[in-house]
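Worksheet: the structure to be examined is printed underneath.
Laboratory data are not the source of any read-out in this text; all were calculated from the coordinates shown. Everything numeric in this text was worked out from a predicted model, so none of it was measured. When we count neighbours, we look across all protein chains shown, and the Cβ atoms used for this are built from the backbone with ideal geometry, even at glycine.
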Amino acid sequence: MSRNFILLSITYLVLAGGAIGYLLLSGKILESSKIDDPARVAMGGELYQANCASCHGVNLEGQPNWRETKADDKYPASPLNENGRSWIHSGFQMFDIIKVGGASVAPRSIGSDMPAYENKLDNKQIWAVIDYIKSRWPAKILKINESANLFGGFCVSGSVFGQTKKYSPVSKKSIKERGKI
Ligand code: HEC
């Protein structure tokens, strides 16, 4: 085998590995988010109004003073529109929060009022709700969220708020489920 052939093969493997790595990291292979599918967004909207609007608001506006804990030390429901911070999460992280509930990512001492939907919504329905939420974000926010998707599959976006460790357990718990719809 010529030296050139070996070098070319190595270059090819590095490039192919990089491409697959990028697709995995960005969630493009595993994540099932499709905000350009009107039927799916419409289904997500109905599910949102039926399951989520009571706390997060009919217009995703959240509850007042959502940054401050209530008398019971738990946080109110945050806005899911551009005024909140849900867009720092990758699609996977949102999926985890909705599927297994907020308590699995909140500090144990505080707990969370965000319910788990694993027994109410199937994976396809959870992704549809995520798509509905994303479809309401302005282009600027969607762009920022893309970087959460790029790194967030491995929890980097969570580390912006010092939450990487809190996300790890829940990610392991439902990682096998996320891609399947
Ligand atoms: C009983 C009230 C309640 C319902 C119903 C509810 N949530 Fe929540 N949700 C919360 C609270 C409270 C938080 C903040 C949790 C915390 O910080 O501990 C939250 C947090 C979240 C977050 C993380 C947002 C962020 O700012 O980091 C997402 C995403 C979310 N909810 C989505 C949903 C979706 C989708 C539904 C419906 C399928 C839903 N929630 C239904 C109370 C609720």
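The table below gives the values:
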{"read-out": "I110 closer than 19 Å to N51 by Cα and among the β-branched types (V, I, T)", "value": "no"}
{"read-out": "Residues within segment 49-79 that are closer than 17 Å to I130 by Cβ, of a type outside the set (S, T, N, Q) and near the ligand (Cβ under 6 Å from one of its atoms), tallied", "value": "4"}
{"read-out": "Test: residue in segment 105-120 that is surrounded by 15 or more Cβ atoms within 10 Å (Cβ to Cβ), near the ligand (Cβ under 6 Å from one of its atoms), part of a loop (DSSP other than H, G, I, E, B) and acidic (D, E)", "value": "yes"}
{"read-out": "Residue match in segment 133-142 (condition: more than 10 Å from the ligand (Cβ to nearest atom), in a loop (DSSP other than H, G, I, E, B), touching a residue at least 60 places away in the same chain (Cβ under 8 Å) and more than 14 Å from the chain's Cα centre (by Cα))", "value": "yes"}
{"read-out": "All positions within segment 80-91 that are more than 8 Å from the ligand (Cβ to nearest atom), assigned to a loop (DSSP other than H, G, I, E, B) and either over 17 Å from the mean Cα position of the chain (by Cα) or crowded, with 20+ Cβ neighbours inside 10 Å (or both)", "value": "S90"}
{"read-out": "Unmet requirement for Y75, which otherwise passes all of (1) assigned to a helix (DSSP H, G or I); (2) more than 14 Å from W127 (Cβ to Cβ); (3) touching a helix residue (DSSP H, G or I) at 6+ places or on another chain (Cβ under 9 Å)", "value": "(1)"}
{"read-out": "Qualifying residue in segment 92-103 (condition: more than 8 Å from the ligand (Cβ to nearest atom), among the aromatic types (F, W, Y), on the phi < 0 side of the Ramachandran plot and touching a residue at least 24 places away in the same chain (Cβ under 8 Å))", "value": "yes"}
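Here's the yes/no breakdown for (1) within 26 Å of S147 (Cα to Cα); (2) free of Cβ contacts under 8 Å to residues at least 12 places away in the same chain; (3) touching a Cys at 6+ places or on another chain (Cβ under 9 Å):
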residue: V41; (1), (2), (3): yes, no, no
residue: A53; (1), (2), (3): no, yes, no
residue: V58; (1), (2), (3): no, yes, no
residue: E61; (1), (2), (3): yes, no, no
residue: P64; (1), (2), (3): no, no, no
residue: L80; (1), (2), (3): yes, no, yes
residue: S112; (1), (2), (3): no, no, no
